[in-house]
Amino acid sequence: MAKAQKSTRETIVASAAKLFYAQGIRAVSVDAVAEAAGVTKRTLYYHFESKDELIAAYLEGRDQPNLLLFRKWFEAADGDLAEKAEAIFVNLARAARHPKWKGCGFLRTSAELANMPGHPAIRIGAAHKKTFEAWLAQVFAEAGINDAGELARQMLLLLDGSFAVVLLHRDASYMESAGKAAAMLVRAAMSAR
């Protein structure tokens with residue numbers, strides 16, 4: 001069966017996503033995105049009013065797939081709640097060992113837009129992180145953990161901190177260490193129930 005053809009807008013977003021993730025949002029021009037998508041700059045601006053709107057679409061396209069992947073890793077892991085939480089980090093460490101890995105697209109974009117707190121991409125990145133935190137809080141609450149929201153926040157801090165340090169050192173073992181710390185926090189919370 002033939003693969004469904006992407007719309008022009010989807011093609012532009014897919015091309016932008018590859019370029020933005022590989023090179024950063026500021027390094028990539030609208031001209032480069034149009035060329036990679038095989039469209040004119042005019043066509044690109046027909047679908048997106050600005051580069052900022054295109055950047056927002058890039059992050060919106062990453063949101064649900066990333067969250068679903070974290071859930072898949074968590075649910076597929078054998079063991080108790082602590083081992084399931086650690087599995088997120090173990091799987092991220094495996095991904096970080098790939099030569100094309102460039103870290104968290106949400107964090108990298110927010111760093112590039114640090115002087116623009118009202119940018120739509122910043123709001124999308126913040127919402128993505130809050131959704132991850134809320135999901136973990138729900139999982140922890142269902143397991144009977146007291147202060148599940150605080151534990152979820154600690155997990156998010158370990159996750160984002162490990163993204164930053166792994167990107168800096170190019171050493172995925174930092175992510176595995178963060179996973180061990182996450183498992184210890186979950187075990188401590190489980191025993192305090």
Report task. Given the options A57, A93, A27, state which has the largest fluctuation in a GNM of the chain using a 10 Å cut-off (strictly under) for Cα springs. Result -> A27
Query - Nearest-20 debye value, region 20-75 charge dipole, Cβ charges on Lys, Arg, Asp, Glu - result: 120
Query raised in the report: In region 29-71, which GluC sites (Glu not before Pro) are in a loop and have at most 11 other Cβ atoms within 10 Å, using DSSP for the loop call?
Result: E49
Report summary line: Expressed to two decimals, region 1-48 has a Cα Rg over Rh, using the Kirkwood radius, of 1.01
Query raised in the report: In nm, to one decimal, how far is the modelled label at S7 from the one at D171, with both set 7 Å along Cα→Cβ?
Result: 4.7
Requested in this report: Sort out for me the Cα centre separation of region 1-49 from region 85-101, rounded to whole Å.
Outcome: 27
Requested in this report: Pull out the extension gain between D160 and L68, defined as 0.36 nm times the separation in residues minus the alpha carbon to alpha carbon distance; nm, one decimal.
Outcome: 31.4 nm
Report summary line: Of all trypsin sites (Lys or Arg not before Pro) in region 125-156, the ones in DSSP coil with at most 11 other Cβ atoms within 10 Å are none
Report summary line: For the chain, shape from the Cα gyration tensor axes a ≥ b ≥ c, cut at a/c of 1.5 then a/b versus b/c, turns out prolate
Query raised in the report: Can you give the calculated 222 nm mean residue ellipticity of the chain, where each DSSP H run of n ≥ 4 adds -39,500 (n - 2.57) and the sum is split over every residue, rounded to the nearest 500 deg cm²/dmol?
Result: -25000 deg cm²/dmol
Requested in this report: Mind telling me which of S110, S162, S29 comes out most flexible in a GNM of the chain, alpha-carbon contacts under 10 Å?
Outcome: S29
Query - Per residue accessible area of the chain, 1.4 Å probe, in Å² - result: 55
Report summary line: Here the net charge surrounding L151, from other residues whose Cβ is less than 12 Å away from its Cβ (Lys, Arg +1; Asp, Glu -1), is 0
Query raised in the report: When the accessible area of the chain is computed with all protein chains present and a 1.4 Å probe, what percentage of it is carbon and sulfur?
Result: 55
Report summary line: Once M184 and Q23 are pulled to full extension, the length gained, defined as 0.36 nm per residue separation minus their Cα-Cα distance, is 54.4 nm
Query raised in the report: What is the distance in Å between the Cα centres of region 105-135 and region 139-161?
Result: 19
Query raised in the report: Using the per-residue mean of other Cβ atoms lying within 10 Å as a proxy for protection, in what order, highest first, do the peptides 61-68, 132-139, 97-104 fall?
Result: 132-139, 61-68, 97-104
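The values are calculated or read from the model by the stated rules, or taken from the named source; none is laboratory data. Only a predicted model underlies this, so the values are computations on that prediction, with no experimental measurement involved. A quick note on method: Cβ atoms are made from the backbone with ideal geometry, for glycine too, and the neighbour counts reach across all protein chains shown. Ligands, DNA and RNA are excluded from the accessible area calculation, which covers all protein heavy atoms including side chains. Shrake-Rupley method; radii C 1.70, N 1.55, O 1.52, S 1.80 Å.
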